[in-house]
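A short write-up of the structure that comes next.
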There are 2 protein chains.
Amino acid sequence: MISYPIKKNTAQKTVNYANLGMTLESDIDVTNRYYLDEGIAVIHKKPTPIQVVSVSYPARNKAKITEAYYKVPSTTDFNGIFEGRYIDFDAKETTLQTSMPLKNIHPHQVDHLKAVNKSGGIAFLIVHFKKLQTYYLLPASVLFRYWDNRHDPESGRKSIPLSAFQKEAYPIPFSFQPRLDYLSIVKTYLMSK
Amino acid sequence: MISYPIKKNTAQKTVNYANLGMTLESDIDVTNRYYLDEGIAVIHKKPTPIQVVSVSYPARNKAKITEAYYKVPSTTDFNGIFEGRYIDFDAKETTLQTSMPLKNIHPHQVDHLKAVNKSGGIAFLIVHFKKLQTYYLLPASVLFRYWDNRHDPESGRKSIPLSAFQKEAYPIPFSFQPRLDYLSIVKTYLMSK
């Protein structure tokens, strides 16, 4: 018998950091499932990279991993194909109301998005401002500008301000189906070239 | 201190099944690294999907996974972009000398390759016949024909014969750099459409 941890009635201010970001991710997963079922696009979330250290074999053909660690991802979480074009993006959430911190993004992810962009793929971020309840599709080119400039003593910033999202990103409507129709934005605004 | 298993001097016929497939995978990883460094293509192996059951926190900010299991992959292992085209494939090894068993392939992977193919992506398998020391790029269309026909009482087979590889697949030369230059074959034979 497996004994699951018992849920305690804790104070409301307890935040489960393990689930931070799960909602956006699952909203995108539901959207991608819809795209796949409707034959619109084939876009999947990559599995979380895990470094396996020890494996035991309690039963034949059943490997049980007994020691492993999360690894820093070397690419983004989502990629696939839409109308013949390669699509690549990551999903980020912030509780801030006026900017998205650049530390939410790993340097490897920026390098990856740059390589994708250079190869003719469509690269972007989906950013959820949780407290504002708004979702933006931020073209990678805007991210690159803030990223490359972040150490500039004059104009460098550690975050992308909300005003940049309002000017240069595209709001993604949240609806029943598809949940977060980011590909309609990709099609309208990013697939001209 | 970590105590690693001690290597014993065992008879030569001992086969380490845990490493089966690791060589092909690492040869493809080395090739992809070359493609990335040279700006030729952005193709990565997806992480192995793992179902995490328990996590402990022996130290702050250091999550240790203490119980987890390997999951059946829902897509293929490799995807990315090459000259603006979406590329998607899986790598398979066989020790057989006359055919590749279809049971090496998960039904989900075939469904995924079909969806990719339909969306205009370039889908294939890289198959290593270990005893023949040959590598083939098998276009997904050939796989689909054998797969869809596998239960046919007359002509159905549980494997793709080597003769089909010789007729309808493309041998991939093994060299120093790039190790397995499968994209030259993709470019010459699969990118006409």
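The values are calculated or read from the model by the stated rules, or taken from the named source; none is laboratory data. This is a predicted model, so every value here is computed, not measured. Here Cβ is always computed from backbone atoms with ideal geometry, including for glycine, and neighbour counts include all displayed protein chains. Heavy atoms of the whole protein, side chains included, go into the accessibility calculation; ligands, DNA and RNA do not. Shrake-Rupley method; radii C 1.70, N 1.55, O 1.52, S 1.80 Å.
Note on surface exposure: B:Ser141, B:Ser99 rank B:Ser141, B:Ser99 by accessible area, highest first, 1.4 Å probe.
If you take all other residues with their beta carbon under 12 Å from the beta carbon of B:Trp147, and give Lys and Arg +1 and Asp and Glu -1, the sum is +3. Per-residue packing, averaged as other Cβ atoms within 10 Å, sorts the ranges B:125-133, B:171-179 into the order B:125-133, B:171-179, beginning with the highest. Averaged over peptide B:73-85, the number of partner chain Cβ atoms lying within 10 Å of each residue's Cβ comes to 5. Measure up A:Lys71/A:Lys130; A:Lys46/B:Lys71; A:Lys45/A:Lys118; B:Lys64/B:Lys92; A:Lys71/B:Lys131 against 24 Å on the Cα-Cα distance and list the ones that go over. Pairs exceeding the cut-off: A:Lys71/A:Lys130; B:Lys64/B:Lys92; A:Lys71/B:Lys131. Ascending distances from the B:Pro171 label point to its copies in the other chains, with the point 7 Å along the Cα-to-beta-carbon line: 6.1 nm.
I'd like the interface area for chains B and A: accessible area of each alone minus the complex, both sides summed, 1.4 Å probe, protein heavy atoms only. What is it in Å² to the nearest 100?
Chains B and A together bury roughly 2700 Å² of accessible area.
When you count, for each residue, the other Cβ atoms within 10 Å and take the mean per peptide, how do A:148-160, A:72-84 rank with the highest first?
Values: A:148-160: 11.9, A:72-84: 19.5.
Final packing ranking: A:72-84, A:148-160.
Once backbone amide H atoms are built at 1.01 Å from N, A:Glu67 has A:Val53, A:Ser54 as its partners under 5 Å, excluding neighbours fewer than 5 places away on the same chain.
Taking the Cβ of A:Ala63 as the center, what net charge do the other residues with Cβ under 15 Å away carry, scoring Lys and Arg +1 and Asp and Glu -1? Charge balance in the 15 Å sphere: +2. In chain B, helices alone account for a calculated mean residue ellipticity at 222 nm of -7000 deg cm²/dmol, with every DSSP H run of four or more residues adding -39,500 (n - 2.57). Solvent-accessible surface of protein heavy atoms, probed at 1.4 angstrom with all chains present, puts A:Leu162, B:Leu36, A:Leu137 in the order B:Leu36, A:Leu162, A:Leu137, largest first.
3J(HN,Hα) along the stretch B:87-97: 10, 8, 7, 10, 10, 10, 10, 9, 8, 5, 10 Hz, from the Karplus curve 6.51 cos²θ - 1.76 cosθ + 1.60 with θ = phi - 60°, whole Hz, x for Gly and Pro. In this label model, B:Thr188 and B:Val30 are separated by 2.2 nm, measuring between points 7 Å along each Cα→Cβ vector.
Local charge for B:Ile160 was computed over the other residues whose Cβ lies under 15 Å away, with Lys and Arg +1 and Asp and Glu -1, and equals +2. Under 5 Å between amide hydrogens, which residues at least 5 positions from A:Arg179 or on another chain qualify, with H placed 1.01 Å from N in the peptide plane? For A:Arg179, the qualifying residues are A:Thr31. May I ask you to derive the FRET efficiency for B:Arg150 and A:Val55 from their Cβ-Cβ distance with R0 = 22 Å, giving the value to the nearest 0.05? Taking R0 as 22 Å, the efficiency between B:Arg150 and A:Val55 is 0.10.
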